[in-house]
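The values are calculated or read from the model by the stated rules, or taken from the named source; none is laboratory data. Small disclaimer: the values here were computed from a predicted structure and weren't measured. Here the Cβ positions follow ideal geometry from the backbone for every residue, glycine too, while neighbour counts run over all protein chains shown. The protein model used for the area step is the full one, side chains on, heavy atoms only, and it has no ligands, DNA or RNA in it. Shrake-Rupley method; radii C 1.70, N 1.55, O 1.52, S 1.80 Å.
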Amino acid sequence: MRLASLTASNSDILAALGAAGQVVAVDSHSDAPGLQAAVRVGPDLDIDVGAVAAARPDLVLASLSVPGMERVVAELEREGLPTLVLDPVSVGDTLADIRTIAAAIGCPERGAAVADALRDELSRLIRPFSRPPRVLVEWWPRPIIAATRESWVTDLLAGLGAVNALGDRAGRSSPLTLEEVRAAQPDLIVCSWCGAKKLRPEVIEARGLGVPVVAVPESGLGRPGPRLVEGARQIAAALAAFSEREASPAAPATPAGTQPGTPPGPAPGRPESAR
């Protein structure tokens with residue numbers, strides 16, 4: 001079966017299913033192994049639909065997890081190309097999509113095995129917290145854009161015992177001001193910029209929020225597919241450090257020149273409300 005994959009998440013799923021060698025056309029962002037023979041047809045939001053058609057795929061895989069992919073899907077439909085459009089907003093949707101793709105390409109048993117393995121790996125990462133840590137996942141720095149309620153991020157964090165700090169905000173993602181980030185009161189910020197060649201957590205740290213930042217490649221968090229477990233592991237490790245800090249808060253140091261028994265004042269230059 002000749003396949004075209006226009007998003008990296010679907011390419012990752014095909015690779016996990018052992019079907020990367022069947023891909024004859026693929027977007028320029030996909031980096032799954034086994035795609036060397038596929039024709040590159042451009043970035044996911046600027047697909048050369050004519051090149052896709054020229055590759056004569058039996059099935060084209062697209063995903064609305066990439067905002068703006070609707071326009072590409074409309075072009076595929078005008079070309080009369082058989083297209084499977086996915087639209088995951090949760091971990092459960094992602095597991096179902098793996099099974100759906102597997103069934104569509106004729107390997108349902110393999111799909112069930114890949115989905116079950118991902119589910120089991122994710123379930124092993126959960127840990128109890130006395131207070132669920134609030135996590136903000138940042139997709140882009142300028143303007144700040146972060147994952148909101150209708151994102152697989154919300155479900156993924158819940159599976160780790162945490163909460164999406166923007167879980168009360170509708171939509172899949174949202175632009176934010178710095179004050180809105182501060183008001184969300186995150187205990188951890190995840191730097192997972194989509195499409196960035198280099199992650200720079202120091203940019204987030206320089207905002208002065210006093211919140212720990214962990215860098216997670218977009219490939220491990222921004223793609224609803226088998227590689228979500230990579231990002232989940234990194235976030236789980238960061239949350240373990242948060243748990244240790246909560247359990248054993250450092251004793252405040254006695255400022256120089258303060259007599260024993262004198263209550264220390266606020267640190268110079270730091271507001272008392274700083275986290």
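Worth a mention:
- The longest stretch of the chain left intact once loop-based GluC sites (Glu not before Pro) with at most 13 other Cβ atoms within 10 Å are removed from consideration, loops following DSSP, is 80-271.
- Counting only Cα atoms, the size of the chain along its three principal axes is 81, 35, 32 Å, in decreasing order.
- When you restrict to C-alpha pairs under 8 Å that are six or more residues apart and normalise by the size of the chain, the relative contact order lands at 13 percent.
- Distant-in-sequence amide H partners of residue 86 (H built 1.01 Å from N, under 5 Å): 62, 63, 64
- For residue 173, distant residues with modelled amide H under 5 Å away: 148
- Binning the alpha carbon pair distances of the range 80-187 at 10 angstrom intervals from zero yields the distribution 14, 35, 29, 17, 4, 0, expressed in whole percent.
- Applying a DSSP loop filter and a limit of 13 other Cβ atoms within 10 Å to the trypsin sites (Lys or Arg not before Pro) in the range 34-127 leaves 124.
- Note on the range 19-138: semi-axes of the ellipsoid equivalent to its C-alpha gyration tensor, largest first and rounded to whole Å, are 30, 18, 13.
- Residues whose placed amide H lies under 5 Å from that of residue 39, excluding near-sequence neighbours: 25, 26
- Here the relative contact order of the range 1-112, from alpha carbon pairs under 8 Å that lie six or more residues apart, stands at 24 percent.
- DSSP H segments from the chain that extend 18 Å or more along their own axis, Cα-based, with Kyte-Doolittle mean of -0.5 or above: 91-104, 108-123, 228-247
- Take the chain with all the other protein chains still there, run a 1.4 Å probe, and you get 48 Å² of accessible area per residue.
- Inter-centroid distance (Cα atoms) of the range 104-159 relative to the range 13-50, Å: 23
- Whole-percent carbon and sulfur share, accessible surface of the chain, 1.4 Å: 54
- Using θ = phi - 60° and Karplus 6.51 cos²θ - 1.76 cosθ + 1.60, couplings along the range 82-88 (whole Hz; Gly, Pro as x): x, 10, 10, 9, 9, 8, x
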